[in-house]
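Working notes for the structure below.
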Amino acid sequence: MADHYETLGVSRDATADEIKKAYRRLARELHPDVNPSEEAAERFKNVTHAYDVLSDPSERQRYDMGGDQSGGMGGFGDIFETFFGGGFGTGQRGPRSRTERGEDAMIRVDVELSEVIFGAKRDISVNTAVLCNACQGSCCQPGTTPVTCDVCHGTGQVQRQVRSLFGNVVTAHPCGSCQGYGTVIEHPCIECAGKGRVRERRSLTIEVPSGIDTGTRMQIRGGGEVGPAGGPNGDLFIEFRVMHHDVFSRDGNDLLATAQVSMTDAILGTESTVPALDGEVRFEIPAGAQSGDVITVRGRGIQALHSTNRGDLRIAVQVVTPTRLSGRERQLVKQLADMRKDPPPVFGEFQQGLFGKIRDRFFRAG
């Protein structure tokens, strides 16, 4: 049997793309519609068979390891197959179908935190196997159909008589001429190389559910690759990653933010506005607010997954002490201190700075 790499005229380390290009070049040269000679027809069959093996990663690996394409003996199951018939343990009868289910596919999609609040629609692009437009999954050149194998006569199997310790035994093996399909494609589709499918980048619109988090997966049934010979599609799995936001973080379905408040506003109290992800939110900073205090705005967080309930917006107060004062400002502050006669500093449990304090209060508030 001729070497498949030599048949296609490529090196043994050729890429899948190089193998495909070599096959297409030879197919256009040797196709019966272009070259009707018997020699070209024989070469065309050999080229097609070589491509069938080398274009399938698992078949190519087995071939590179010296696997016998015609199905040699080896192992306990093969001994049973030799003496008592092919397909031991499988129960397979008749020709096998070219049509198979497509592979599942998975892609990762980055979403903004704002898209997570109520959910959103997104257009995504997927590089996958789709039905060949030229042959519509038939694997044949338009206007042609598979023909019955003249070796197995459509059964997909051939019988052989084997002399053994038990006498002459008739065994059944997959037909090597049609590879068990029962039919032969004499004129494979050039566009898909007789696979019934081609790789193509396609676009689709997906619904981003509200409340998802990084690592959440969504299954779209039938959104994966179309199967060989126009077989049913596999499924598409989408894994989401929620992008970092400069202002807001999240705790479950609650949104967290920090508001820097001047010393005077913390003393006297004030109102402020935060540009939330779904519109501005006004909130009140009470008089005497302390760094680490948490102000909760109910129902302005993230809508829960598969629910209409929303989390809260929690805002931590950070009182900013001025570092530069004018002479007049310093005098006024000193007058205030003299009037209040505050006690000296009170010592308590050590905390890792403001953000440790805020973190503790955030989770106590939740």
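The values are calculated or read from the model by the stated rules, or taken from the named source; none is laboratory data. These figures come from a predicted structure and were not determined experimentally. Positions of Cβ are backbone-derived with ideal geometry, glycine not excepted, and every protein chain shown enters the neighbour counts.
A few comments on the model shown:
- In segment 235-264, of all residues being of a type in the set (Val, Ile, Thr) and closer than 21 Å to ALA276 by Cα, the one that is surrounded by the fewest Cβ atoms within 10 Å (Cβ to Cβ) corresponds to VAL247.
- THR205 meets the conditions (1) within 30 Å of GLU115 (Cα to Cα); (2) free of Cβ contacts under 8 Å to residues at least 12 places away in the same chain in every case but one. The failed one is (2).
- Some residue of segment 280-300 being among the basic types (Lys, Arg) and not in a strand (DSSP E or B): yes
- Hey, PRO232 modelled with pLDDT under 90 and surrounded by fewer than 16 Cβ atoms within 10 Å (Cβ to Cβ) or not: no
- Some residue of segment 152-165 being at positive phi, hydrophobic (A, V, I, L, M, F, W, C) and not assigned by TED's automatic domain parsing to the domain that holds PRO36: no
- Hey, SER249 over 21 Å from GLU112 (Cβ atoms) and not aromatic (Phe, Trp, Tyr) or not: no
- Number of positions in segment 1-43 that are in contact (Cβ under 8 Å) with a residue 60 or more places away in the chain, outside any helix (DSSP H, G or I) and under 32 Å from the mean Cα position of the chain (by Cα): 0
- Screening the candidates GLY211, GLY194 for the property of being in contact with a helix residue (DSSP H, G or I) (Cβ under 8 Å, 6 or more places away or on another chain) and over 30 Å from GLN141 (Cα atoms) yields one hit, GLY211.
- Members of segment 227-259 found to be hydrophobic (A, V, I, L, M, F, W, C) and within 15 Å of the chain's Cα centre (by Cα), listed by number: LEU236, PHE237, ILE238, PHE240
- Total residues in segment 131-159, condition more than 17 Å from PRO95 (Cα to Cα) and modelled with pLDDT under 90: 0
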